[in-house]
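A.B. asks: I am attaching a structure below and will ask some questions about it afterwards.
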Amino acid sequence: WYDGGFWQRLYLHTWTPADEALYNTWKYLYKAVGLSNHALATITHHKDLLTPAQYDEYMAEARGLRALFYFYIMDMWGNIPLSMTDGTEANNALQTPRKEVAETLIHELQAAVPYLSPAHSNLQGRNYGRFTQPVAYFLLCKILLNNQVYMGPGTHLFTVDGVQMNAFEACIAYCQKITAAGYTLSADYKQNFAVHNETSNENIFTIPMDKHLYTNEYQYFFRSRHYRHGDALGMASENGTCATVATVNAYGYGTPNEDKRFAMNFYSGTVRVDGQVVRLSNGQPLVYEPLAARISLTGSPYEKTAGARMAKYEVDRTAYSDGRLIDNDIVLFRYADVLLMQAEALVRNGQNGDAEMNLVRQRVGMPPRQATLDNLLQERLLELMWEGWRRNDLVRFGKFHQAFDFRLPIAGESTGFTCLFPIPKNAIKLSPTPLQ
């Protein structure tokens with residue numbers, strides 16, 4: 001789908017402050033921040049109706065959620081308006097340096113942790129879908145692992161449980177807290193993404209999905225599958241999202257060393273549903289061509305069949321709304337990422353991360369590898385495909401602004417300026433204070 005060229009601009013790094021999709025993302029995230037601030041004010045206003053324990057827990061949960069949304073804003077835009085007060089619009093908040101935002105989020109999360117429930121929030125029950133201690137630990141790991149991106153080069157010191165340590169040591173400490181909380185790798189990689197994945201002991205933070213209770217939709221399947229593929233499943237499709245050729249090659253597609261997670265993450269080759277070959281309107285089999293993806297497919301014989309398509313989540317055959325209202329909980333944070341973060345933090349701290357990385361590889365039947373930074377970056381792609389971390393990873397490894405696949409760096413990109421998105425022009429226009 002061309003969509004006015006937005007997806008090409010994302011791929012080529014030629015987005016602009018006028019891109020409406022970026023402004024919509026900005027508005028959505030700041031709306032969530034505003035709701036969190038309002039929740040904190042409401043809880044405080046009605047404090048007399050709560051027990052001290054309830055008050056502390058609810059305040060901590062709202063602070064944690066606010067930190068989560070500010071994390072995404074800071075990661076995307078860098079220096080951002082920061083407001084911790086109910087009723088202050090993002091347009092009226094002072095722009096705060098990224099380093100200060102990161103330090104504020106660490107402080108907020110550490111202050112919230114003692115009052116948060118230790119429960120696994122991916123499990124159904126009182127804390128299902130809520131911001132609990134393990135979720136806070138995971139977010140702290142992310143900020144600390146990216147400390148030199150958010151806070152600048154050099155050694156940054158943090159205190160964890162009264163002990164001062166560098167950022168990578170602190171990241172390791174929080175990873176170990178998640179392990180101590182009882183998370184483990186699922187024996188079956190795919191179980192984490194099954195229709196009924198609420199029992200996973202690996203998923204840490206999910207978006208609860210229930211087509212009978214909620215209206216939130218999951219778009220990846222709908223957008224990725226060919227129209228006839230959707231028809232065969234009794235659903236609709238947009239025939240859009242696919243993997244880049246560089247990603248396909250990273251999995252070793254079509255070679256004797258193909259990573260076993262390729263077939264777990266993608267549809268490729270001849271498509272079958274319930275054992276039957278899916279056919280195009282001309283009667284020919286539907287065949288996805290993973291290596292045929294290009295920046296533009298106009299006029300190509302593979303215009304509607306190029307690219308490996310998203311297959312990570314089990315298909316909910318009882319889905320509503322053309323397949324977008326499903327029962328699979330959407331996975332945001334999971335334990336495999338914790339192990340890979342710990343391995344990377346160990347390596348960056350001059351230690352050995354082989355054991356942690358190879359636990360992840362062993363689970364899917366892949367042979368052990370040395371945990372070098374290059375291998376870890378590739379492993380994160382192989383393991384976490386479709387889970388939303390690739391840009392964050394490439395920025396941290398200093399590769400996001402470099403050439404890859406069919407993309408060449410644009411003018412001046414050697415400075416890394418595209419590692420941040422431009423603040424949307426409408427946000428700048430509405431702000432009484434200068435935003436840069």
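A.B. asks: What's the total number of residues in segment 364-385 that are surrounded by fewer than 18 Cβ atoms within 10 Å (Cβ to Cβ) and in contact with a Phe, Trp or Tyr (Cβ under 9 Å, 6 or more places away or on another chain)?
C.D. replies: Number of matching residues: 3.
A.B. asks: Right, next: I'd like to check which helices (runs of 4 or more DSSP H) are fully inside segment 342-436 and have at least 3 residues that are touching a helix residue (DSSP H, G or I) at 6+ places or on another chain (Cβ under 6 Å) and under 30 Å from Pro256 (Cβ atoms).
C.D. replies: Counting at least 3 such residues, we get 354-363, 373-384.
A.B. asks: Something else: Working only within segment 152-177, note down all residues that are open to solvent by 30 Å² or more (accessible area, probe 1.4 Å) and either charged (D, E, K, R) or touching a Cys at 6+ places or on another chain (Cβ under 8 Å) (or both).
C.D. replies: Asp161, Glu169, Lys177
A.B. asks: Still on this model: For residues that are crowded, with 16+ Cβ neighbours inside 10 Å and at pLDDT below 90, scanning just segment 84-98, find the one that is nearest to Asn426 (Cα to Cα).
C.D. replies: Result: Asn91.
A.B. asks: Residues being of a type in the set (A, V, I, L, M), touching a strand residue (DSSP E or B) at 6+ places or on another chain (Cβ under 7 Å) and in a loop (DSSP other than H, G, I, E, B): count how many of those fall in segment 76-95.
C.D. replies: The number of residues fulfilling the criteria is 3.
A.B. asks: Please count how many residues of segment 18-52 are in contact with a Lys or Arg (Cβ under 7 Å, 6 or more places away or on another chain) and surrounded by fewer than 14 Cβ atoms within 10 Å (Cβ to Cβ).
C.D. replies: Selection size over segment 18-52: 1.
A.B. asks: What's the number of the condition Tyr302 fails, among (1) in a loop (DSSP other than H, G, I, E, B); (2) under 27 Å from the mean Cα position of the chain (by Cα); (3) modelled with pLDDT of 95 or more; (4) surrounded by 15 or more Cβ atoms within 10 Å (Cβ to Cβ)?
C.D. replies: Condition (2) is where Tyr302 drops out.
A.B. asks: Does segment 316-332 contain at least one residue that is in a helix (DSSP H, G or I), modelled with pLDDT under 95 and open to solvent by 50 Å² or more (accessible area, probe 1.4 Å)?
C.D. replies: Yes, the conditions are met somewhere in segment 316-332.
A.B. asks: Next up: Residues in segment 348-362: is at least one modelled with pLDDT of 95 or more, touching a Ser or Thr at 6+ places or on another chain (Cβ under 8 Å) and open to solvent by 10 Å² or more (accessible area, probe 1.4 Å)?
C.D. replies: no
A.B. asks: Does Asn127 satisfy being open to solvent by less than 10 Å² (accessible area, probe 1.4 Å) and either in a loop (DSSP other than H, G, I, E, B) or among the aliphatic types (A, V, I, L, M) (or both)?
C.D. replies: In short, no.
A.B. asks: For a quick check of your reading: which helices (runs of 4 or more DSSP H) sit entirely within segment 224-297 and have at least 2 residues that are of a type outside the set (A, V, I, L, M) and under 16 Å from Ala311 (Cα atoms)?
C.D. replies: 227-232, 261-265
A.B. asks: Under 9 Å between Cβ atoms, at least 6 apart or on separate chains: pull out the pairs that start in segment 187-208 with a residue that is over 17 Å from Gln133 (Cβ atoms) and end on any residue that is of a type in the set (Lys, Arg) and open to solvent by 20 Å² or more (accessible area, probe 1.4 Å).
C.D. replies: Ala187/Arg363; Asp188/Arg363; Tyr189/Lys260; Tyr189/Arg363; Val195/Arg317
A.B. asks: Quick one: what pairs do we get from segment 128-141, first residue free of Cβ contacts under 8 Å to residues at least 60 places away in the same chain, second of a type in the set (Lys, Arg) and part of a helix (DSSP H, G or I), C-beta under 7 Å, 6+ apart or different chains?
C.D. replies: Tyr137/Lys177
A.B. asks: For segment 137-148, indicate whether the set of residues that are farther than 30 Å from Asp327 by Cβ, under 20 Å from the mean Cα position of the chain (by Cα) and part of a loop (DSSP other than H, G, I, E, B) is non-empty.
C.D. replies: yes
The values are calculated or read from the model by the stated rules, or taken from the named source; none is laboratory data. No experiment lies behind these values; they were computed from the predicted model shown. In this analysis, Cβ positions are derived from the backbone assuming ideal geometry, glycine residues included, and neighbour counts consider all displayed protein chains. Accessible surface areas use protein heavy atoms only, side chains included; no ligands, DNA or RNA. Shrake-Rupley method; radii C 1.70, N 1.55, O 1.52, S 1.80 Å.
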